[in-house]
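Here the structure is laid out as structure tokens; the discussion comes afterwards.
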Amino acid sequence: MDPVSNPYSPGAGRKPAALVGRDSVLTAWRTSLRRTERGRPDQPFVLYGLRGVGKTVLLSELRRVAMGDEWIVAQVEADSSRGLRELLGEALYEPLSDLARPGLGARILQGLKTAASFKASYDERGAWTFGLDLSGAAGGGADTGVLDTDLRKLVRDLCAAAAATNHGVALLIDEAQDLQVTELAALCTIAHAAAQNEWPFLLALAGLPRLPRALAEAKSYAERFQYWRIEQLDESAARAALVLPATELEVNWTPEALEILVGASGRYPYFLQQFGQETWVAARGSTILEHDARLGVRLGTAQLDTGFFRVRWDRATRSEQDYLRAMADDGDNGSASGDVAARLGKTVQQLGPARANLIAKGLVYAPEHGIIAFTVPGMSSFIERQTSRSNIG
């Protein structure tokens, strides 16, 4: 079929044509927006799960919902090369610029001036004026260099500005497990202060399965946050993710073709999109048949192997790849650290650095003490395919 009209779009953070199976999170978020606007701010949202389950897509949908309600919204992805201060500051510039216009009230001017001082805290060369004369406005002072202090001042004054129009401020952070402990602690502190002072503020974080533990270690009261484990779709939602976009284009799936893709994907949204895209191209008529689906899975798997899996595999050193190979013997369900060590002829202590590096790189996580598992579903099968190809070669 026509590749231009292909409704399936695999890719990091790309919203699928049919966003299904996440209604509970979206409903809770909309409720929190309403409650916060009425002076009853909710606890932060924490979305966590494996790669490919759609956390980034869902986080971006939370952003769109808040923006639709005219909140001040900033969304960033944690980056080890840039601090949280700079990431948030730059992400806030666009929504704050949209506020800047003649005849603003005192609270909005104060929020803009404080945001300008926050910018100065990490970039002495740059200055924000928003095209306004802010010299006579109250505010500022978010440039002490102490993240907790500056972020609290920024959020407080921005919330006051947002409240002037009966809205709020939402900060959304992806890959939050990569934040420094001090940055996580600062965010927890601000969220706590917002709840205590009834600021119209919501925080949403998304990350790998180790994120809840990282938050609890940063601040004990983070245990009271709203934690949402994002997993693969159920059978009905997985089918809908494939059927609904095709139906809009007057294309049908046979039950057999659907069964193949739903099974091969493990119901992971990313894989559904990848296999769906390749199957669409392989199909020759307005009905997607079983042989189209089988070809789509083969082509999609090849694409995943050269992209989704390969980029992560290549981040590991040779010794770390040996560790991953030893884990692959247990599939995707997790391995005992002692078993991995035995397979490699080493002690758990000797393999400690490799294990720690793999966790830091986001390739594995520890679901419980003494157990290690892949953060990428299907990684064990990928490793087995690479080993088979190597043996054939």
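The values are calculated or read from the model by the stated rules, or taken from the named source; none is laboratory data. Given the structure is predicted, the values throughout are model-derived calculations rather than measurements. Glycine gets a Cβ as well: all are built from the backbone with ideal geometry, and neighbour counts include every protein chain shown.
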Residue hits (the stretch 1-48; in contact with an Asp or Glu (Cβ under 6 Å, 6 or more places away or on another chain) and not in a helix (DSSP H, G or I)) are GLY39
Filter the stretch 148-174 for residues that are assigned to a helix (DSSP H, G or I) and touching a Lys or Arg at 6+ places or on another chain (Cβ under 6 Å); the one that is surrounded by the fewest Cβ atoms within 10 Å (Cβ to Cβ) is ALA160
Would you confirm whether or not the stretch 59-72 contains a residue that is aromatic (Phe, Trp, Tyr), in a loop (DSSP other than H, G, I, E, B) and either modelled with pLDDT of 95 or more or in contact with an Asp or Glu (Cβ under 7 Å, 6 or more places away or on another chain) (or both)?
yes
Note on LEU26: of the conditions (1) under 29 Å from GLY266 (Cβ atoms); (2) in contact (Cβ under 8 Å) with a residue 60 or more places away in the chain, unmet is (2)
Just one listed residue, out of GLY131, GLY103, GLY83, GLY136, is at positive phi and either within 19 Å of the chain's Cα centre (by Cα) or free of Cβ contacts under 8 Å to residues at least 12 places away in the same chain (or both), and it is GLY103
Across (1) modelled with pLDDT of 95 or more; (2) of a type in the set (Asp, Glu); (3) closer than 27 Å to GLU278 by Cβ; (4) surrounded by fewer than 18 Cβ atoms within 10 Å (Cβ to Cβ), ASP332 clears everything bar (1)
Residue hits (the stretch 94-141; aliphatic (A, V, I, L, M) and at pLDDT 90 or above) are LEU96, ALA106, ILE108, LEU109, LEU112, ALA115, ALA116, ALA120, ALA138
With respect to SER32, is the statement that it is assigned by TED's automatic domain parsing to the domain that holds ASP98, surrounded by fewer than 21 Cβ atoms within 10 Å (Cβ to Cβ), among the small types (Gly, Ala, Ser) and at negative phi true?
-> no
Of ALA238, ALA204, ALA222, the only residue that is in the same structural domain as GLN273 (by TED's automatic domain parsing), on the phi < 0 side of the Ramachandran plot and either within 20 Å of the chain's Cα centre (by Cα) or outside any loop (DSSP other than H, G, I, E, B) (or both) is ALA238
Can you spot a residue in the stretch 69-82 that is under 27 Å from ALA214 (Cα atoms), in the same structural domain as HIS192 (by TED's automatic domain parsing) and in contact with a Gly (Cβ under 7 Å, 6 or more places away or on another chain)? no
Given the conditions (1) assigned to a loop (DSSP other than H, G, I, E, B); (2) over 21 Å from GLU94 (Cβ atoms), every one holds for GLN177 apart from (1)
Filtering the stretch 199-219 down to residues that are in contact (Cβ under 8 Å) with a residue 60 or more places away in the chain, farther than 25 Å from GLY39 by Cβ and not hydrophobic (A, V, I, L, M, F, W, C) yields GLY207, PRO209, ARG210, PRO212
